[in-house]
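The values are calculated or read from the model by the stated rules, or taken from the named source; none is laboratory data. Just so you know, these numbers come straight off a predicted model, no measurement behind them. Positions of Cβ are backbone-derived with ideal geometry, glycine not excepted, and every protein chain shown enters the neighbour counts. Calculation scope for accessible area: heavy atoms of the full protein, side chains included, ligands and nucleic acids excluded. Shrake-Rupley method; radii C 1.70, N 1.55, O 1.52, S 1.80 Å.
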Amino acid sequence: MEYRKITENKKQYLPLLLLGDEQESMVDRYLERGEMTVLYEGGELLAAAVVTDEGDGVCELKNIAVAPHSQGRGLGRRLISELCTQWGARCHVMMVGTGDSPATVPFYRRCGFSESHRVKDFFTEHYDHPIYECGVLLTDMVYFSRPLWVLETPRLGFRRLRTEDLAALRPILGDEQTMYAWEYGFTDTQIAEWIERANRRYQTCGYSHHAAVQKESGELIGLMGILPEEIDGETYFGLGYIVARRFWGQGYAMEGAAAWLRYAFDNLGAQQVIADIRPENSASRRVAERLGMTVAGEHIKYHNGKEMPHLIYIKNEED
Ligand SMILES: CC(C)(COP(=O)(O)OP(=O)(O)OC[C@H]1O[C@@H](n2cnc3c(N)ncnc32)[C@H](O)[C@@H]1OP(=O)(O)O)[C@@H](O)C(=O)NCCC(=O)NCCS
């Protein structure tokens, strides 16, 4: 199966798109500004979808349709999963609006969406004819949303850091005990700089610390990711993990760091990943060791004019 991005002549897919939105003038409202992805198998068109960028990290699935003879084979779910990966780097939430119909609502719920809000009488006011689905007259538009994670584990979702995260990061980066390796808690200005640096790195190398969000509560409980680490003029893929004190001892660092280690090998093409850890930091060393990392050397970091010895843990892809 092959996904294709369609940038020209999108109207050739209209027959399929009309399954998802039956009035052409309504499709015209988003088709040009939307990004279209289609799914082919052996030259046969199986499905199509259009997603728009709504700004502020929000994208909207405007249309999704699977060819009638291919419905119920898991293709709709696969296409949504592909779209979430595509948009996860740019946006933090995907919205979708649909009629309150048994033909679509269960599908979106099965694909990880949950109800967000309703726009009253949208169908009766915007469409030029009544729309029935499964014998039900569609009236309100029901909006569903789904977080877009860059990476996820059973309990954690990872997304890019953003300016508004400052308050949530204060109990983590501002806490001297958590920031043991730096030997002080960060000020708001330093936390803002941390967020800015991470955002610069997303643009330049494509990775950095990400917000670790507890999926169940939506709470930001830590920072994890792969960082460009420089040692003696050489840049390495470095594994970073910081968990808020309140969440220590619950296996979050291990769960998240294991996923990021795999991500570095599978998605970033790393052959080797390092972790820079202070020798006295036994909790962090334990995580690295349980991940199969071993000490390969040591080096001194200079921070605020202080000498800070660090052990260099390493894991190679073939280990
Ligand atoms: C809605 C649509 C995109 C779903 O695609 P699909 O490939 O048939 O769906 P999948 O096979 O991937 O189904 C994924 C899950 O949703 C469930 N599901 C799909 N349609 C369902 C329905 N009508 N009722 C209950 N569950 C449904 C499936 O059972 C599956 O559940 P599982 O987690 O238990 O396996 C497809 O039916 C379609 O193209 N319909 C016409 C266009 C349309 O209505 N688009 C939506 C506009 S809002």
Looking at this structure, is residue 89 of a type in the set (A, V, I, L, M, F, W, C) and surrounded by fewer than 16 Cβ atoms within 10 Å (Cβ to Cβ)?
yes
Which residue pairs have Cβ atoms under 9 Å apart, sit 6 or more places apart or on different chains, and have a first residue in the stretch 273-284 that is in the same structural domain as residue 238 (by TED's automatic domain parsing) and a second that is of a type in the set (S, T, N, Q)?
273/316; 275/284; 277/284; 278/284
Considering every residue within the stretch 119-132, establish whether at least one is open to solvent by 50 Å² or more (accessible area, probe 1.4 Å), within 13 Å of the ligand (Cβ to nearest atom) and over 18 Å from the mean Cα position of the chain (by Cα).
yes
Would you say residue 115 is open to solvent by 40 Å² or more (accessible area, probe 1.4 Å) and more than 11 Å from the ligand (Cβ to nearest atom)?
yes
Matching option when the condition is within 11 Å of the ligand (Cβ to nearest atom), touching a residue at least 24 places away in the same chain (Cβ under 8 Å), in a strand (DSSP E or B) and in the same structural domain as residue 139 (by TED's automatic domain parsing), among 79, 16, 45, 61
61
Being of a type in the set (D, E, K, R), modelled with pLDDT under 95 and closer than 30 Å to residue 39 by Cβ narrows 164, 115, 152 down to just 152
Considering each residue of the stretch 19-42, count those that are within 12 Å of the ligand (Cβ to nearest atom) and surrounded by fewer than 13 Cβ atoms within 10 Å (Cβ to Cβ), and give that number.
0
Does residue 236 count as assigned to a strand (DSSP E or B) and of a type in the set (Phe, Trp, Tyr)?
yes
From the option list 180, 202, single residue qualifying as within 25 Å of residue 80 (Cβ to Cβ) and hydroxyl-bearing (Ser, Thr, Tyr) is 202
Please count how many residues of the stretch 136-163 are open to solvent by 10 Å² or more (accessible area, probe 1.4 Å), more than 21 Å from residue 205 (Cβ to Cβ), touching a residue at least 60 places away in the same chain (Cβ under 8 Å) and part of a strand (DSSP E or B).
3
Selected residue [within 8 Å of the ligand (Cβ to nearest atom), touching a residue at least 40 places away in the same chain (Cβ under 8 Å) and more than 30 Å from residue 161 (Cβ to Cβ)] from 98, 104
98
Across the stretch 1-18, what is the total count of residues that are touching a strand residue (DSSP E or B) at 6+ places or on another chain (Cβ under 7 Å) and open to solvent by less than 30 Å² (accessible area, probe 1.4 Å)?
5
Selection within the stretch 184-208 - touching a strand residue (DSSP E or B) at 6+ places or on another chain (Cβ under 7 Å) and not in a helix (DSSP H, G or I)
205, 207, 208
Within the stretch 244-252, identify whether any single residue is modelled with pLDDT of 95 or more, assigned by TED's automatic domain parsing to the domain that holds residue 310 and of a type in the set (S, T, N, Q), and answer yes or no.
yes
For residue 69: the one exception among (1) within 11 Å of the ligand (Cβ to nearest atom); (2) touching a Lys or Arg at 6+ places or on another chain (Cβ under 9 Å); (3) not small (Gly, Ala, Ser)
(2)
Determine whether the stretch 88-101 contains at least one residue that is more than 22 Å from residue 50 (Cβ to Cβ), modelled with pLDDT under 95 and not aromatic (Phe, Trp, Tyr).
no
Go through the stretch 271-291 and report how many residues are closer than 13 Å to residue 182 by Cα, open to solvent by 20 Å² or more (accessible area, probe 1.4 Å) and in a strand (DSSP E or B).
1
